[in-house]
1. Can you run down the residue pairs with Cβ atoms below 7 Å, 6 or more apart or on separate chains, where the first is in the stretch 311-331 and closer than 14 Å to F262 by Cα and crowded, with 16+ Cβ neighbours inside 10 Å and the partner is among the β-branched types (V, I, T) and modelled with pLDDT of 95 or more?
2. Could you tell me whether the stretch 324-339 includes any residue that is touching an Asp or Glu at 6+ places or on another chain (Cβ under 7 Å) and either over 30 Å from R499 (Cβ atoms) or not polar (S, T, N, Q) (or both)?
3. Among the residues of the stretch 426-444, are any aliphatic (A, V, I, L, M) and touching a residue at least 60 places away in the same chain (Cβ under 8 Å)?
4. What number goes with the only condition from (1) within 26 Å of V336 (Cβ to Cβ); (2) free of Cβ contacts under 8 Å to residues at least 40 places away in the same chain that L90 does not pass?
5. State which residue is surrounded by the fewest Cβ atoms within 10 Å (Cβ to Cβ) when the search covers only the stretch 362-399 and only residues that are of a type in the set (D, E) and part of a loop (DSSP other than H, G, I, E, B).
6. Being of a type in the set (D, E), surrounded by fewer than 20 Cβ atoms within 10 Å (Cβ to Cβ) and closer than 23 Å to Y380 by Cβ is true for just one of E541, E549, E526, E545. Which residue is that?
Amino acid sequence: MGAGNDSTFGFGKPPLEIEASGVRDQDLVERAQQGDTEAFGELIEQYRGKAHGWAERMTGDPHMADDIVQDALIRAFLHVGSLADTSRFLPWLHRIVRNQANMRLRRGGVHRKERPFASMGVTDSADGSRVDWGNLDSILYHLTRKAAGAAEQEQDPAEHLMRKELYETIHALLHCLNRKEKEIFKAYFFRQLSPDEIASMYKMTTGSVYTYIHRSRQKLRKEHIRISLGLAPEKKESSGMSTAKRIQLPAGQADDSIRCTFVDGIRRMLDMFGDRRDAAELMGVSAFAFRMKISDRTTFADGIYMFDWRLNLQRLMQELGYEVTMVCGQLADAPVPLLGAVERFPVVLRLEEALLPFLRKFIDVGKAVLIFDTQVSKPYVHEWAVVYGYDDAARVLYVTDPMLPEGKTVTYDDAVNNPVRFLAGISGKRNQPADRSSPRAKQEVEREQALRTIRFAINYAKQGCEYKPRTNYLTYTSGLAAYDRWIGHLRSPHGWPNRYGMGQLSSVYAEAKRYAALYLRGVPFEGKAMRLTLLASEAYEQAAEAIGEISRQVPFIRTSEVMSPELREACAVQLGRARSFESAAIEYMEKSIAIMDGEEGNEP
């Protein structure tokens, strides 16, 4: 990169400002290389406008620049780990944008402004174009390329037949477009009119024409996939099917929400199913009240999400007496957040048929659906939520959001393009043995459940979590050892803790310890075993207070502010206190379980 290009990257700033900006960017890049999607998001928010400016200067076309920047950012996300010099992120990003722009311009040739979309993904052979008949973009490009010489081509019977089948294929797909989309599409691809000519003909802006063409291509691509998979076309509103349904949110749900949104989403599902559960009960029975997992890299918040989603949901719902049906997947061509948790999910297509029928099936009978939402309101980045309604006419879903008590809407397209697909609905109640219907039997069931939960808590604290990501650079420490890892990040002289992650970790885990205390107070033990359990509850309350103090000093907000050495040490001290209290709680619970096991052994 020549010296004359320094102004392109904003190096005309004062030296101190350049140094501060460069250090911050380098820190964000290093965090992004370690899997911190929040850090990469900050980089993109900072430089997306600059990247668009580069692309637009190279192409002279703002609409083409949008596509180029989108492709460039996906490639940057996927390959940021290969950037050896983390201080050179901006020149590296510029090179990616330049390469993507050059590639797009080469594909379009001298007519690139007339074909910004149809020219993608085409390979030229020595004697002209080569078409991939299974790829809609390739078909459209071939159609455009061949139309100009149609008269000569028709002299060849084989080519004439191929062109005839090609046109029949395209026309068979066009039924998914509305009237105006179809007219503009035909004018652009069949009649070879330029966007400016189409805009003049329909008395609209050129930008609107580009929007129509882009939207039409998206619809055609989806329809082509449907046909290739043998799926029926989408049903229209006139089919007589239910086109909208919305379940009433129970009053007060948002007021007592749980910060562990996985458990909170399950509570909301049960609530709408008519089964009101106490938050402490759900946090205890699910064992999320006793979990703690910290990234080995720094104070990222991703450890909160690192567990087997499917297995944990299935086990919890079985404990509660329900069967659950799930749909899981990840998109192949999109950056997937929380890879360590999602890596086992199968790759899925961007098809509404893989998503909407599942949602309608449950919502139509009054059952909400648990989903993983990557468009949650800030300061969150992604969380579990509940879909409680849909509207086919408006093409929106009604979804809960931890920051919006009234809920929100998510478009069908955004839901289909969610890089993580995780949906779960309550399919029915499990059959309970007849001898467990009496009050005494129910208490025994609760006692057995409490024993399982406390044994899990003890084992988790000592041995850590059994779930390990397959991706080798994603490693975590859990149980009591997580405190040591967390303290180590705060006292390390080699880096700065992630302040945003600190805020979320302390907020979630302080609440979890409070729920641990509340759950233990309600277990159906007696005598000395109950007294020891109550002591464990008090210890968890003290641990919650210590971590809560961290949450007050480092609130859960989006900020790039760096933690001072004094604040880091103060947080480390509080974590040390919390560890001591939780360690004492584990000892009390071990003694309580020993007594319970002894009593069971003495029974006739």
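The values are calculated or read from the model by the stated rules, or taken from the named source; none is laboratory data. Computed from a prediction, not measured in an experiment: that's the story for all the values here. Don't worry about glycine lacking a Cβ; one is built from the backbone with ideal geometry, like all the others, and counts go over all protein chains shown.
1. Here the result reads L316/I266; L316/V285, each pair linking the stretch 311-331 to a residue that is among the β-branched types (V, I, T) and modelled with pLDDT of 95 or more.
2. Of the stretch 324-339, the ones touching an Asp or Glu at 6+ places or on another chain (Cβ under 7 Å) are 338.
When the remaining residues are screened for being either over 30 Å from R499 (Cβ atoms) or not polar (S, T, N, Q) (or both), the result is 338.
There is at least one residue in the stretch 324-339 that is touching an Asp or Glu at 6+ places or on another chain (Cβ under 7 Å) and either over 30 Å from R499 (Cβ atoms) or not polar (S, T, N, Q) (or both).
3. Yes.
4. The one condition L90 does not meet is (2).
5. Looking only at the stretch 362-399, we keep the residues that are of a type in the set (D, E), and these are 364, 373, 383, 391-392.
Retained after the next criterion (residues that are part of a loop (DSSP other than H, G, I, E, B)): 364, 392.
Values: D364: 13, D392: 18.
Step by step, filter the stretch 362-399, then rank; the result is D364.
6. Testing whether each residue is of a type in the set (D, E), surrounded by fewer than 20 Cβ atoms within 10 Å (Cβ to Cβ) and closer than 23 Å to Y380 by Cβ leaves just E549.
Residues checked against (1) outside the structural domain of R568 (by TED's automatic domain parsing); (2) in a helix (DSSP H, G or I); (3) of a type in the set (A, V, I, L, M, F, W, C); (4) surrounded by 14 or more Cβ atoms within 10 Å (Cβ to Cβ):
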site	(1), (2), (3), (4)
N418	no, no, no, yes
R447	no, yes, no, yes
A450	no, yes, yes, yes
Y460	no, yes, no, yes
